[in-house]
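The values are calculated or read from the model by the stated rules, or taken from the named source; none is laboratory data. As the structure is a prediction and not an experimental result, all values here were calculated from the model. Glycine gets a Cβ as well: all are built from the backbone with ideal geometry, and neighbour counts include every protein chain shown. When the accessible area is computed, the model is the full protein with side chains, heavy atoms only, and any ligands, DNA or RNA have been set aside. Shrake-Rupley method; radii C 1.70, N 1.55, O 1.52, S 1.80 Å.
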Amino acid sequence: MRTRDLSSGFGVVISALCAGLAAAILLLILGYVAREGAGALTWTYLSQIPRPVNVPGGGVANGIVGSFIIIGIAALIAVPIGTLAGIYLALYGRSWFAETTRFLADVLSGVPSIAIGLFAYTVFVAPFKHFSAVSASIAFAVLMLPLIIRTAEESISRVPVRIRESALAWGISSYAATIHIVVPAARSGMITGLLLALARVTGETAPLLFTAFGSQFWELNPTNPMAELSLQVFTYAISPYEDWHRQAWAGALLLIIAVFILNVGARFALRTQTRR
Amino acid sequence: MNASIQALEQRHVRRSLVSDRAFVLFIYLATLLFVATVLGLFAMLLLGSWTSIREFGFSFLWTSEWNPITGRFGALPMIYGTVVSSLTALVLAGIVGVFGAAYLADFAPRFISVPLSFLIELLAAVPSVVFGLWGLFVLAPVLRTVVDPFLQAHFGMVPLFSGPIFGSSLFTAGILLAIMIIPTISAISRDVIAAVIPEHREGSLALGVTRWETMWHVLLPGARSGIFGACILALGRAFGETIATTMVIGNKPAIAASLFAPSYTLASVVANEFTEATTDMYLSALIELGLLLFVVSMIVNAAARVLTWTLLRPSKGR
Amino acid sequence: MSSKFFSRRTILGSIVSAVLVGLLGMTVAAPALADTQLTGAGSTFVYPFFSKAFYEYSRKHTDVNVNYQSIGSGGGIQQFIARTVDFGASDVPMNADELKRAGAPVVQIPVALGGEAITYNLPVEIKAGLKLTREALADIYLGKIAKWNDPEIAKLNSQTTLPDLPIVVVHRSDGSGTTFIFTDFLSTVSSEWKEKVGTGKSVQWPAQSSVGGKGNEGVAGQVRQTPGAIGYVELAYVLENHMEQVLLQNVSGKYVACTEATVQAAAATKPDITPRDFSIVDRKGNDTWPIAGYTWAMLYADPTDKVRAKLTQDVLAWTVTEGQAIASSVDYVPLPRNVQASAKKALAQIHL
């Protein structure tokens with residue numbers, strides 16, 4: 001009895017250490033980013049468009065707006081397609097077609113983002129001879145889909161079968177049973193997938209080079225080139241200038257804070273009952 | 001009276017049949033759209049690599065030369081670097097991520113698990129270039145001055161830990177990638193473990209099994225397929241990571257036995273050279289690297305699936 | 001329970017609405033959009049200079065905005081050929097193959113001048129500066145000189161005892177004009193390099209003990225972290241970060257450091273550069289820095305949209321003349337006057 005208790009306690013401690021390690025690393029990185037960039041995170045930075053290096057008063061406001069638009073449209077594309085595909089896999093998932101879809105989703109997550117950006121360029125930019133934010137959104141949506149599809153499938157299939165069966169037993173149509181009963185029950189897992197996907201694309205730059213192109217100016221029209229915050233961060237980070245480096249770190253800090261707020265907000269607003 | 005209720009029921013049944021059919025059609029179409037997109041991506045990669053494939057054929061896979069001047073390209077060192085760095089990352093992140101998820105899903109009290117979960121998921125939001133810079137300026141020096149020499153002193157007889165120590169190496173890249181993929185494994189595993197049927201957990205505890213043993217023998221096996229899926233997604237992410245890796249891996253297209261030697265990955269080459277490449281052959285070779293990643297990913301996924309079928313099939317109950 | 005649920009949704013809804021209203025407010029407060037937005041793409045090297053030059057230009061000519069994005073020289077040429085941008089910029093002029101793909105006559109002009117310094121990391125301080133000959137530098141990068149206390153280096157620096165440290169050669173891992181200029185230099189001073197490796201934006205580096213860093217940050221970071229490392233970085237980078245640099249012996253026998261003056265001296269020795277004969281490495285002169293090169297902008301000689309082409313021509317004409325005055329403020333080297341004149345003349349060839 002004693003050894004079982006010891007080894008069990010040991011197991012719990014190791015798990016706690018692992019969780020703590022991961023969180024500690026995040027805090028380390030966050031601390032580094034904050035130390036380098038917090039000083040540059042001013043109201044000017046948040047509300048002004050970029051200025052040349054060492055000219056005071058520049059900011060990333062157009063990049064912030066651009067990120068919202070590009071990622072927002074990407075989510076609007078990826079969430080419906082991904083969720084519906086996930087539902088398909090969960091409900092009708094035994095066919096060879098379903099298995100192929102799962103396989104392709106997993107394979108897609110390994111394709112470098114620059115290749116996906118190139119794909120979006122070939123299909124949505126080159127034929128029109130025009131860069132656009134929408135093409136970037138499409139590239140981002142493709143990046144998000146594997147996570148959304150797989151987590152949707154996983155969480156829906158974990159909803160106990162009897163919940164769906166009892167809904168159907170009440171005479172509700174299959175469609176209503178899925179959308180109104182099963183999917184809400186799977187909500188928590190699906191939100192995790194969505195949040196991970198959003199966090200993933202928030203820090204991506206490579207696909208933007210040939211799609212959204214970037215801009216130093218205000219732009220709200222998604223069919224035009226548009227600034228994006230992580231692209232701005234990347235451009236500043238690899239430059240030689242201390243001024244731009246600080247702005248890059250500030251931008252990175254902003255990205256992390258934005259995802260944090262998104263995380264907290266989503267979990268809070270759509271919280272389901274705890275299962276314990 | 002009877003007739004009108006029947007009519008009502010008829011209408012209800014018909015409507016729900018229609019909406020059911022439409023629903024099935026929609027989800028089928030969405031899936032089809034997704035599959036078409038991925039196949040389109042593959043086709044584009046294939047088309048773009050065609051010049052290079054025609055020139056080098058299969059020798060692309062086992063040649064070690066990467067010379068943009070003479071136009072001779074071979075991807076072997078990059079394949080090696082990609083596979084080794086990603087697998088290292090998966091092993092490290094898998095252990096930390098799954099055990100951490102176990103703690104967050106079950107052992108931890110809510111006032112710890114909620115903030116800790118947020119923090120770990122935030123790791124996914126750090127931009128790639130920031131990871132790269134942090135890796136270069138913080139992680140690499142620590143590894144070069146403290147960790148690598150320690151490992152070499154104690155395990156130096158193993159070829160993996162032999163040889164000169166550079167800060168930028170396969171090992172550094174593996175650790176950085178591990179950090180980047182921990183949130184994927186941890187967050188999904190946590191959800192999956194927590195979703196295991198409560199009766200299983202409660203039944204186990206009621207029998208006098210300790211919390212840890214319940215986790216090890218009941219919950220983790222029950223969550224196995226989900227955890228596995230999370231690992232596959234995370235591995236994919238590690239394969240495709242471009243910018244962070246290139247800043248800490250040393251970018252040397254050569255194969256060395258030691259983990260401490262600089263190396264190169266498929267995605268890094270593409271990230272480094274694509275925007276500056278101008279000749280058709282060069283661009284085609286770079287696109288072929290992207291295609292290779294697609295293929296490597298396919299092979300690894302197929303192998304993983306075969307493994308799953310042979311190991312998990314007997315006990316896949318929900 | 002359900003009323004609690006609704007109130008959460010309402011909170012979420014009101015947060016989203018507030019954000020949207022805030023965004024709209026920001027766009028209303030935004031400055032009036034200019035009439036024309038020109039687009040340019042290409043070299044990352046020239047981006048900081050362009051961003052300042054075009055900013056100043058827009059202040060003088062409020063009807064024109066220039067959106068230049070640094071997607072890389074190769075990307076710039078691709079987009080220029082695909083006609084998705086008004087002008088391209090590249091660290092190396094378009095070669096015959098690219099000009100053929102463009103399918104129409106192209107005007108290429110030098111727009112910026114840059115130099116590269118050699119930086120190093122040694123545990124000993126060398127007050128007089130570390131001296132290297134061109135051949136020694138080439139041999140280091142070839143891997144033939146593997147240690148810092150090699151007699152080849154020691155004899156150049158007799159006042160210092162160099163440590164018995166292996167040399168770690170650092171280079172750019174990303175394709176870049178900086179690498180092109182550096183390898184052009186190495187090919188010029190060492191026939192072995194020219195034969196074995198060659199000149200290019202990306203090459204196969206022969207040294208055994210070598211590491212690639214991404215971008216200037218990557219190279220400088222690598223050098224900073226690795227005792228015994230040596231690497232090449234852009235002048236702007238060295239100036240901004242106050243880095244140690246090697247005193248390189250130029251072809252006239254003088255040991256010089258990379259500064260604005262020495263780079264300009266090199267450029268001035270060859271005023272009649274053309275897109276086909278554009279190399280300015282290893283020039284003769286007492287103060288010339290051996291590792292320097294231009295960045296080029298390209299436009300079509302017979303443009304279809306003549307209005308946009310005229311605006312683009314005006315912007316670039318200003319950039320290569322008055323715009324050069326601001327180059328120093330961002331650590332770039334102004335084009336020598338004779339080069340400015342020939343660039344302006346080349347621009348006038350565009351048929352409008």
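Just to be sure I understand the filter: pairs with C-beta atoms under 7 Å, separated by 6 or more residues or on different chains, first member in the range B:19-33 and in contact (Cβ under 8 Å) with a residue 24 or more places away in the chain, second member open to solvent by 40 Å² or more (accessible area, probe 1.4 Å). Which pairs pass?
Close Cβ pairs satisfying both conditions: none exist.
Please verify whether the range A:105-112 includes one or more residues that are more than 7 Å from chain B (Cβ to nearest Cβ), in a helix (DSSP H, G or I) and surrounded by fewer than 24 Cβ atoms within 10 Å (Cβ to Cβ).
no
Scan the range C:256-277 and tell me whether some residue there is under 20 Å from the mean Cα position of the chain (by Cα) and acidic (Asp, Glu).
Yes: one or more hits.
Listed here are the residues, each with its yes/no results for (1) within 14 Å of chain C (Cβ to nearest Cβ); (2) over 21 Å from residue A:25 (Cα atoms).
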{"site": "B:191", "(1), (2)": "no, yes"}
{"site": "B:205", "(1), (2)": "no, yes"}
{"site": "B:211", "(1), (2)": "no, yes"}
{"site": "B:218", "(1), (2)": "no, yes"}
{"site": "B:221", "(1), (2)": "no, yes"}
{"site": "B:243", "(1), (2)": "yes, no"}
{"site": "B:251", "(1), (2)": "yes, yes"}
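Give the residue that is nearest to residue C:66 (Cα to Cα), with candidates limited to residues of the range A:33-60 that are away from chain C (no Cβ under 14 Å) and outside any loop (DSSP other than H, G, I, E, B).
A:40
Hey, can you tell me all the residues within the range A:119-130 that are of a type in the set (A, V, I, L, M, F, W, C) and open to solvent by 10 Å² or more (accessible area, probe 1.4 Å)?
A:119, A:123, A:124, A:126, A:128
Which of the residues spanning the range C:40-56 are part of a helix (DSSP H, G or I), within 26 Å of residue C:74 (Cβ to Cβ) and in contact (Cβ under 8 Å) with a residue 60 or more places away in the chain?
C:48, C:49, C:50, C:52, C:53, C:54
Please enumerate the residues belonging to the range B:238-265 that are assigned to a helix (DSSP H, G or I) and either surrounded by fewer than 24 Cβ atoms within 10 Å (Cβ to Cβ) or of a type in the set (A, V, I, L, M, F, W, C) (or both).
Scanning the range B:238-265 gives B:238, B:239, B:243, B:244, B:247, B:248.
Just to be sure, is residue C:97 at pLDDT below 90 and open to solvent by 20 Å² or more (accessible area, probe 1.4 Å)?
yes
Kindly evaluate residue A:116 against the criterion of being in contact (Cβ under 8 Å) with a residue 60 or more places away in the chain, crowded, with 24+ Cβ neighbours inside 10 Å and within 30 Å of residue C:86 (Cβ to Cβ).
Yes; evaluated as a whole, the condition is true for this residue.
Does the range A:185-205 include one or more residues that are within 24 Å of residue A:67 (Cβ to Cβ), within 11 Å of another protein chain (Cβ to nearest Cβ), of a type in the set (D, E, K, R) and out of contact with any strand residue (DSSP E or B) (no Cβ under 8 Å at 6 or more places or on another chain)?
Scanning the range A:185-205, I find at least one residue that is within 24 Å of residue A:67 (Cβ to Cβ), within 11 Å of another protein chain (Cβ to nearest Cβ), of a type in the set (D, E, K, R) and out of contact with any strand residue (DSSP E or B) (no Cβ under 8 Å at 6 or more places or on another chain), so the answer is yes.
Quick one: which of C:91, C:139 is touching a strand residue (DSSP E or B) at 6+ places or on another chain (Cβ under 9 Å), touching a residue at least 40 places away in the same chain (Cβ under 8 Å) and of a type in the set (Asp, Glu)?
On the way: C:139 fails: touching a strand residue (DSSP E or B) at 6+ places or on another chain (Cβ under 9 Å).
So the residue among C:91, C:139 that is touching a strand residue (DSSP E or B) at 6+ places or on another chain (Cβ under 9 Å), touching a residue at least 40 places away in the same chain (Cβ under 8 Å) and of a type in the set (Asp, Glu) is C:91.
Pairs under 8 Å by beta carbon, first residue at the interface with another protein chain (Cβ under 7 Å from one of its Cβ atoms) in the range C:68-79, partner of a type in the set (D, E, K, R) and in a loop (DSSP other than H, G, I, E, B), six or more apart or different chains?
Short answer, once both residue conditions are applied: C:73/C:91; C:73/C:201; C:74/C:201.
Please determine whether any residue of the range B:107-120 is charged (D, E, K, R), modelled with pLDDT of 85 or more, open to solvent by less than 50 Å² (accessible area, probe 1.4 Å) and over 20 Å from the mean Cα position of the chain (by Cα).
No, because not a single residue in the range B:107-120 is charged (D, E, K, R), modelled with pLDDT of 85 or more, open to solvent by less than 50 Å² (accessible area, probe 1.4 Å) and over 20 Å from the mean Cα position of the chain (by Cα).
For the range C:146-204, which helices (runs of 4 or more DSSP H) that fit wholly inside it have 3 or more residues that are surrounded by 17 or more Cβ atoms within 10 Å (Cβ to Cβ)?
Fully inside the range C:146-204 and qualifying: C:177-189.
Within the range C:41-53, how many residues turn out to be open to solvent by less than 10 Å² (accessible area, probe 1.4 Å) and more than 7 Å from chain A (Cβ to nearest Cβ)?
So the first thing to find is which residues in the range C:41-53 are open to solvent by less than 10 Å² (accessible area, probe 1.4 Å), and the list is C:41-43, C:46, C:48-50, C:53.
From what's left, more than 7 Å from chain A (Cβ to nearest Cβ): C:41-43, C:46, C:49-50, C:53.
Residues that pass the stated criteria total 7.
Tell me, yes or no, whether the range B:78-88 has at least one residue that is open to solvent by 10 Å² or more (accessible area, probe 1.4 Å), modelled with pLDDT under 90, farther than 25 Å from residue A:197 by Cβ and hydroxyl-bearing (Ser, Thr, Tyr). So that I can check it myself, show each step before the final result.
We begin by selecting, within the range B:78-88, every residue open to solvent by 10 Å² or more (accessible area, probe 1.4 Å); these are B:79-80, B:83-84, B:87-88.
Imposing the further condition that a residue be modelled with pLDDT under 90 reduces the set to none.
No - not one qualifying residue is present in the range B:78-88.
Pairs needed: first member in the range B:257-273, farther than 20 Å from residue C:208 by Cα and more than 9 Å from every other protein chain (Cβ to nearest Cβ); second member anywhere, assigned to a helix (DSSP H, G or I) and open to solvent by 10 Å² or more (accessible area, probe 1.4 Å); C-beta distance under 8 Å; at least 6 residues apart or different chains.
Close Cβ pairs satisfying both conditions: none exist.
Please verify whether the range B:282-304 includes one or more residues that are within 19 Å of residue B:46 (Cβ to Cβ), free of Cβ contacts under 8 Å to residues at least 40 places away in the same chain and small (Gly, Ala, Ser).
yes
For the range C:134-155, which residues satisfy the criterion of being farther than 22 Å from residue C:211 by Cα and touching a Phe, Trp or Tyr at 6+ places or on another chain (Cβ under 9 Å)?
Hit for the range C:134-155 is C:154, nothing else.
Based on this model, can you work out whether residue C:273 counts as in contact with a helix residue (DSSP H, G or I) (Cβ under 9 Å, 6 or more places away or on another chain), open to solvent by 10 Å² or more (accessible area, probe 1.4 Å) and assigned to a helix (DSSP H, G or I)? Steps first, please.
Working: in contact with a helix residue (DSSP H, G or I) (Cβ under 9 Å, 6 or more places away or on another chain): yes; open to solvent by 10 Å² or more (accessible area, probe 1.4 Å): yes; assigned to a helix (DSSP H, G or I): no.
Spelling it out, it is not the case that residue C:273 is in contact with a helix residue (DSSP H, G or I) (Cβ under 9 Å, 6 or more places away or on another chain), open to solvent by 10 Å² or more (accessible area, probe 1.4 Å) and assigned to a helix (DSSP H, G or I).
Please specify each residue of the range A:227-268 satisfying the condition of being crowded, with 19+ Cβ neighbours inside 10 Å, among the small types (Gly, Ala, Ser) and in a helix (DSSP H, G or I). Explain how you work it out, then say what you get.
Filtering the range A:227-268 for residues crowded, with 19+ Cβ neighbours inside 10 Å gives A:227-241, A:244-245, A:247-256, A:258-259, A:263.
Of the ones still in play, those that are also among the small types (Gly, Ala, Ser) are A:227, A:230, A:237, A:239, A:248, A:250-252, A:258.
The answer is A:230, A:237, A:248, A:250, A:251, A:252, A:258.
Applying the selection to the range B:121-140, what residues are facing another protein chain (nearest Cβ under 7 Å) and at pLDDT 90 or above?
Listed by number, the residues that qualify are B:134, B:138, B:140.
For the list (1) closer than 30 Å to residue A:219 by Cβ; (2) open to solvent by 20 Å² or more (accessible area, probe 1.4 Å); (3) under 18 Å from the mean Cα position of the chain (by Cα), I need the number of the one condition that residue A:188 fails.
For residue A:188, the exception is condition (1).
Residues of the range B:152-185 being farther than 18 Å from residue A:29 by Cα, of a type outside the set (Val, Ile, Thr) and assigned to a helix (DSSP H, G or I), which ones?
B:152, B:153, B:154, B:155, B:159, B:160, B:161, B:170, B:171
Restricting to the range C:236-267, name every residue that is modelled with pLDDT under 90 and either open to solvent by less than 20 Å² (accessible area, probe 1.4 Å) or in contact with a Lys or Arg (Cβ under 6 Å, 6 or more places away or on another chain) (or both).
Listed by number, the residues that qualify are C:236, C:237, C:238.
So residue C:108 ticks every box in (1) outside any strand (DSSP E or B); (2) out of contact with any Lys or Arg (no Cβ under 7 Å at 6 or more places or on another chain); (3) crowded, with 19+ Cβ neighbours inside 10 Å but one. Which box is left unticked?
Status for residue C:108: all satisfied but (1).
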